[in-house]
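Presented below is the structure to which this report refers.
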Amino acid sequence: MGAVSCRQGQHTRGSAPQKGGNIQGPWARGWKSLWCGMGTIRSGLEELWELQRHQCLHQEPLQPAPVLVEKPLSEWPVPQFINLFLPEFPMRPVRGQQELKILGLVAKGSFGTVLKVLDCAQKAVFAVKVVPKVKVLQRDTLRQCKEEVSIQRQINHPFVHSLGDSWQGRRHLFIMCSYCSMDLYSLWSAVGGFPETSIRLFAAELVLVLCYLHDMGIIHRDVKMENILLDERGHLRLTDFGLSRRLSPGSRAYTICGTLQYMAPEVLRGGPYNHTADWWSLGVLLFSLATGKFPVAAERDHVSMLASVTHCESEMPASMTQELALLLHELLCQSPLHRLRHLHHFQVHPFFRGVAFDPELLRKQPVSLVVETRDSSSPLESMPFEDFDCDLESLAHSVSADSLLQMGAQLET
């Protein structure tokens, strides 16, 4: 079975247990070589002393010492703690960082923090994901972080949460995206089951996104309501590519990762699986939107979850139309080979009769649900980021207790 990286339930992310507090993986050797190399640089005075000692031993006349020319800063080797994260996370000029101001705290988890910031130069609001470098190295997730940024830079789709910028500071990595004040899970929690007209629109938009990603050889592996943001008009933006990876046609993956209630049976087994696992996750999401509950209750681990998924047949409510019930049945198919997975499968499906699978036309359709544009971030006194590498712990503590309670499940302290 593959390595386990599950995201429990709806809000928490699990990770493989860490052994001690030491940095694991291939970076340990880099750290040792970095520190062992300290102190081995010989100063110009030492060089001159060796030269004079050699000349004295051979009784040769002294020659003028060579002129020591200091190298330009650009020619010095890049420190290892910076070089590890290049080129996906370049160093950003301090002047550019000072153009950002913190407006609020969106979420705080065990792995990082999401802040709402104002770009003073663009007069626009963004969300910045801040991840400590030390945690990336300790958890051996450097490749995953770089892959997340690399994939997002490659993607350009109207229903994908676009990447604005990424860079590194002295202690943190930063990923900046456009800011959305509402996510699909929050809306679902507030209204419960959705009408089929809204489900049809959301489903069509997600079908286009997943087909686009799969055609580019990308599997998302964490399609869920929390990872779907809503823009100001209520249309979808798929986000969080932290578990995504490139998977060429015919290739298979084996890592057990994702959120338990959304994971396909073949993923829970440890593979082999491919892009069709995303379509199972879409089926779980649409079932939840339609019924107000998940097809299978959450379990404590992937073994228990696999047993529940394998032996449980989801019952469709009597009020559900036959067309939607058929779509869910064909998405939540135990066999990946018989699961809906190609765009033409959906274009001819009776549930999507009359739907034009065109992003521009879909974006023109009104969303029947009332989307409140309330800001779910915790307000902070507007403050500059200095070098945008501030003490995030003190920043989180500056949020009032009332604000933390209001954020509820969005914050993991």
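Values for this structure:
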| read-out | value |
| --- | --- |
| Cβ-Cβ under 6 Å pairs, at least 6 apart or on other chains, the range 104-129 side farther than 17 Å from His161 by Cβ, far side surrounded by fewer than 18 Cβ atoms within 10 Å (Cβ to Cβ) and of a type in the set (Lys, Arg) | Leu118/Lys101 |
| Which numbered condition Leu173 fails, given (1) at pLDDT 95 or above; (2) outside the structural domain of Val223 (by TED's automatic domain parsing) | (1) |
| Residue in the range 183-198 that is over 23 Å from Arg245 (Cα atoms), of a type in the set (A, V, I, L, M) and surrounded by fewer than 20 Cβ atoms within 10 Å (Cβ to Cβ) present | yes |
| Selection count, the range 202-234, where residues are within 13 Å of the chain's Cα centre (by Cα) and charged (D, E, K, R) | 4 |
| Members of the range 151-183 found to be part of a strand (DSSP E or B) and among the hydroxyl-bearing types (Ser, Thr, Tyr), listed by number | Ser166, Ser178 |
| Filter result for Ser288 (assigned by TED's automatic domain parsing to the domain that holds Met316, at pLDDT 95 or above and either under 20 Å from the mean Cα position of the chain (by Cα) or acidic (Asp, Glu) (or both)) | no |
| Matching option when the condition is part of a loop (DSSP other than H, G, I, E, B), buried (at least 16 other Cβ atoms within 10 Å of the Cβ) and either at pLDDT below 95 or of a type in the set (Lys, Arg) (or both), among Leu340, Leu369 | Leu369 |
| Any hit, the range 350-361, residues being in contact (Cβ under 8 Å) with a residue 24 or more places away in the chain, surrounded by fewer than 16 Cβ atoms within 10 Å (Cβ to Cβ) and not charged (D, E, K, R) | yes |
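For every residue, the table says whether it meets (1) among the polar types (S, T, N, Q); (2) within 13 Å of the chain's Cα centre (by Cα).
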{"residue": "Thr141", "(1), (2)": "yes, yes"}
{"residue": "Cys145", "(1), (2)": "no, yes"}
{"residue": "Ile175", "(1), (2)": "no, yes"}
{"residue": "Tyr185", "(1), (2)": "no, no"}
{"residue": "Glu196", "(1), (2)": "no, no"}
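The values are calculated or read from the model by the stated rules, or taken from the named source; none is laboratory data. Please read all numbers here as calculations on a predicted model, not as lab measurements. Neighbour counts run over all protein chains shown; Cβ positions are idealised from the backbone, glycine included.
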